[in-house]
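The values are calculated or read from the model by the stated rules, or taken from the named source; none is laboratory data. Since the model is a prediction, treat every value here as computed from it, not as a measurement. So basically every Cβ, Gly included, is an ideal-geometry build from the backbone, and we count neighbours across all protein chains shown. Ligands, DNA and RNA are excluded from the accessible area calculation, which covers all protein heavy atoms including side chains. Shrake-Rupley method; radii C 1.70, N 1.55, O 1.52, S 1.80 Å.
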Amino acid sequence: MKNIILFTGGTRSGKSRCAERYAARLSEHVIYLATATPDDDEMRERIINHRARRPTTWHTIEAPTAVAAALADLPVGTVVLLDCLSLLVSNLLLANESAPEPAIHHEIASLLATVDSRNLTLIAVTNEVGMGIVPAYPLGRRYRDLLGWVNQQVAAAAQEVYLVTCGIAVELRTLEAAWNRTVQ
């Protein structure tokens with residue numbers, strides 16, 4: 001049985017910190033599944049800061065595109081913090097730019113199936129990118145649309161969904177309109 005918790009919000013909203021606090025409540029030994037790649041100085045600095053915040057008992061697995069495969073051999077019941085779906089979608093989009101949808105759909109379906117079959121607790125972090133301006137370029141619009149679809153898929157499978165703004169996490173399932181609950 002899968003247990004999925006999703007944290008979403010804008011850039012620098014505090015979603016990763018909230019997800020880290022949530023994970024620490026569940027287990028001393030968390031698998032941190034990182035999708036970021038250190039392609040520039042700013043991203044290297046972000047990665048260093050994220051690593052410094054994590055307890056030494058947490059183990060990091062770097063999986064920029066194949067997160068489901070990285071989870072396949074974990075012990076049943078492991079607590080996993082995936083940071084983040086936004087970069088996973090970006091990485092898959094750029095690796096499959098001519099036709100990213102099949103790769104992204106396959107990866108998300110595999111991720112959800114693996115979490116279920118291994119009885120993992122998955123805490124996933126993602127950006128909410130659909131509330132801003134429409135990107136000026138086709139690739140940006142495609143990314144926004146694909147990430148929106150991924151966020152909906154993971155949220156539909158999640159038992160808890162938190163919107164984080166200003167470092168404050170608000171649980172959305174409890175606020176969801178009753179008429180919408182049966183749609184999923």
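When the residues of segment 49-62 are filtered to those that are in a helix (DSSP H, G or I) and either surrounded by 15 or more Cβ atoms within 10 Å (Cβ to Cβ) or not polar (S, T, N, Q) (or both), which remaining residue is farthest from the chain's Cα centre (by Cα)? Walk me through how you get there before you give the answer.
Going residue by residue through segment 49-62, those that are in a helix (DSSP H, G or I) are 49-53.
Restricting the remaining residues to those that are either surrounded by 15 or more Cβ atoms within 10 Å (Cβ to Cβ) or not polar (S, T, N, Q) (or both) gives 50-53.
Working: His50: 15, Arg51: 17, Ala52: 20, Arg53: 18 Å.
In this case the residue turns out to be Ala52.
Going by the structure shown, is Leu111 open to solvent by less than 20 Å² (accessible area, probe 1.4 Å), touching a residue at least 24 places away in the same chain (Cβ under 8 Å), closer than 20 Å to Ser16 by Cα and not basic (Lys, Arg)? It would help to see each step written out before you state the result.
Values: open to solvent by less than 20 Å² (accessible area, probe 1.4 Å): yes; touching a residue at least 24 places away in the same chain (Cβ under 8 Å): yes; closer than 20 Å to Ser16 by Cα: yes; not basic (Lys, Arg): yes.
Taking the combined requirement at face value, the residue satisfies it.
Among what's in segment 114-148 and is at pLDDT below 95 and β-branched (Val, Ile, Thr), pick the residue that is least open to solvent (accessible area, probe 1.4 Å).
Result: Val129.
Give just the number: which of (1) under 13 Å from the mean Cα position of the chain (by Cα); (2) within 14 Å of Ile5 (Cα to Cα) does Val164 not satisfy?
(1)
Give me a count of the residues in segment 157-184 that are in a helix (DSSP H, G or I) and at pLDDT 95 or above. Even if it seems obvious, please write down each step before you answer.
First pass over segment 157-184, keeping only residues in a helix (DSSP H, G or I): 157, 173-175, 178-181.
Still in the list and also at pLDDT 95 or above: 157.
Selection size over segment 157-184: 1.
What about Thr65, is it among the β-branched types (Val, Ile, Thr) and either in a helix (DSSP H, G or I) or without any contact (Cβ under 8 Å) to a residue 60 or more places away in the chain (or both)? Give the steps one after another, and end with the answer.
Values: among the β-branched types (Val, Ile, Thr): yes; either in a helix (DSSP H, G or I) or without any contact (Cβ under 8 Å) to a residue 60 or more places away in the chain (or both): yes.
Here the answer is yes, as Thr65 does meet what is asked.
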